[in-house]
Amino acid sequence: MPFPSTGELLVRGSDPRLALDPADGRNHYLCPPRPEPGLLRFGSSTATTIDTHGWRIASAFRERLARLHATEGKERALRRTTEQIRRTLADLCGLDDKVGITLTESGTFAHRLAAKRICRRSSRPLQILLPQPSETGRGVPEALSLGGRLPLHTFTLRLPDGAARDAAAIDAEVVATAQRWIDEGAALLLVVVDCSKSGLIAPSFPVAAGLRNRFPGRVHLLVDGCQFRFDTERLRRYLAEGAMVAITGSKFYAGPSFSAALLDPGAERTEEPVDNPGLLLRWQVALEVMERLQRLPRDARSAFIADFHTRLGGRLRREPFLTELPAPGGDRTILAFIPGGAEAPFTLEESMALHRMLQLDCRPAVQLGRPFPAGSHPQGGALGALRLSLSAPLVVEALSDDDQHSIVDQAMRALDCTLAVGHRLRRAGGGDAVE
């Protein structure tokens, strides 16, 4: 049997969202398993179509793995390649051998694995407290509750109108809830999101770490870092405080979906191979980007991200048709907004239609972060927010080619297209226009 092609490996795995639609050859996130020249790639908060550089990395990796498979056999090839991916990830993140690294297909799988491990380590009944799923992931509650077997509770990050809740109020709610469950004799798995779909960070990590230190063995921490938009110093601080951290290579680092890992300071590094060459290939693409980003001066990276956020945020605030969703104290590489204007904001369904039209029917095609429910719509249902997201490859491109204005101009063009298609959709009567 011939070794799978690069395109086949990009979609190989057990997550059903990897499957390609026979009608258009795209996965659940509208990404084809091949580059799309001319695509404006600002969808890294959800998924990014592989670019030509990533395709070359993936193809070279596939060739190396195929040779190993032919000369050393499947098991040895996967074992050697798995260890190489784990070692590279650990080196780039500055992790020692005391941090266990489990590669898995998605952040959802990483959450499930974390819950299973905490259950094994805790002698008390476990309660789970996490941010609202609309800001993290629809599959996260089921994963953390192990299919409904563990009691699960959520706290909101945004108010019904989409405005961010006061961070101190969130922290106070989390502390009060944790204290109540501790008093009742339970243990707690507290999930900190850094960052959410709209760029928020909550609860504050010092508060979460304080609870763990105050109730050792009773409060366990999991950082949902699946966007992986923080630096490796912050990652190591999380781990040093005893928190597990779920990360992915497919959000900020724009590797092909799906590639994730659970970092666990309470587990030794394992030597078990990953029996999924597609997962290994997808991680390899992300790790190459991570390495290129780290070679750039930190000050230059920070300055470009700040300038991008200022200029694009200013544009959003000047457009009556687009309502910005600020993330005070949060991440600066995600700009969330609700189309339609303050008087007639788009519903989630309308924003879904706009998102699809931008990627499939617009020239140039525009890839934005998949819409999410950002509050309550005045006429019922949910408000639908889109996200314009800066990715590591775009930062690398801007700084390596000294072409920062080009990346900003591309983002401005993406907003131009969003306005044009959004107005057309509104005139046509909303979501029905794309049927």
(request) Could you work out which residue, out of Pro328, Pro297, Pro373, moves most in a Gaussian network model of the chain, that is, has the largest mean-square fluctuation with Cα springs under 10 Å? (result) Pro297
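Determine the relative contact order of the chain: mean sequence separation of Cα pairs under 8 Å and six or more apart, normalised by residue count, in whole percent. The partial results should precede the final answer.
On the way: 842 pairs, mean separation 88.0, N = 435.
Reported relative contact order: 20 percent.
Please compute the length gained on full extension between Arg237 and Thr310, using 0.36 nm multiplied by the number of residues separating them and subtracting their Cα-Cα distance. Let's see the in-between values first.
Values: separation 73, 0.36 × 73 = 26.28 nm, distance 2.81 nm.
Value of the extension gain: 23.5 nm.
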(request) Can you pull the one-decimal nm distance between simple spin-label points at Ala344 and Ala90, each 7 Å off the Cα toward Cβ? (result) 5.8 nm
(request) Can you tell me the relative contact order of the stretch 298-434? Whole percent, Cα pairs under 8 Å, sequence separation 6 or more. (result) 25 percent
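Counting helices only, and only those DSSP H runs with n ≥ 4, report the 222 nm mean residue ellipticity of the chain as the sum of -39,500 (n - 2.57) divided by its residues, in deg cm²/dmol to the nearest 500.
Working: 13 runs with 188 residues, N = 435.
For the chain, the value works out to -14000 deg cm²/dmol.
Two decimals is fine: what's Rg over Rh for the stretch 298-434, C-alpha atoms, Kirkwood radius as Rh? Don't skip to the answer; put the middle values down first.
Working: Rg = 15.1 Å, Rh = 15.4 Å.
My calculation puts Rg/Rh at 0.99.
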(request) Calculate the length of the line joining the C-alpha centroid of the stretch 331-390 to that of the stretch 209-243, in whole Å. (result) 31 Å
(request) Take Cys362, Cys93, Cys31 and order them by how many other Cβ atoms sit within 10 Å, fewest up front. (result) Cys362, Cys93, Cys31
(message) Please compute the modelled spin-label separation between Glu268 and Arg76, points set 7 Å along Cα→Cβ, answer in nm with one decimal.
(response) 2.5 nm
(request) For the chain, just the Cα atoms, rotate onto the principal axes and tell me the three extents in Å, largest first. (result) 60, 59, 43
(request) Grab the Cα-Cα distance for His153 and Leu360, subtract it from 0.36 nm times how many residues apart they are, and report the gain in nm with one decimal. (result) 70.7 nm
(request) Would you mind ranking Tyr29, Tyr253 by Cβ crowding within 10 Å, fewest neighbours first? (result) Tyr29, Tyr253
(message) Could you tell me how far the Cα centroid of the stretch 1-55 sits from the Cα centroid of the stretch 248-268, in Å?
(response) 18 Å
(message) Using the basic label-point model (7 angstrom from Cα toward the beta carbon), what is the Thr52 to Arg413 distance in nanometres?
(response) 1.4 nm
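A short reminder: the numbers here are calculations on the coordinates, not readings from a lab. Owing to the predicted nature of the structure, the values given are computational and were not obtained by experimental measurement. Reconstructed Cβ throughout: ideal geometry from the backbone, glycine too, with neighbour counts over all protein chains shown.
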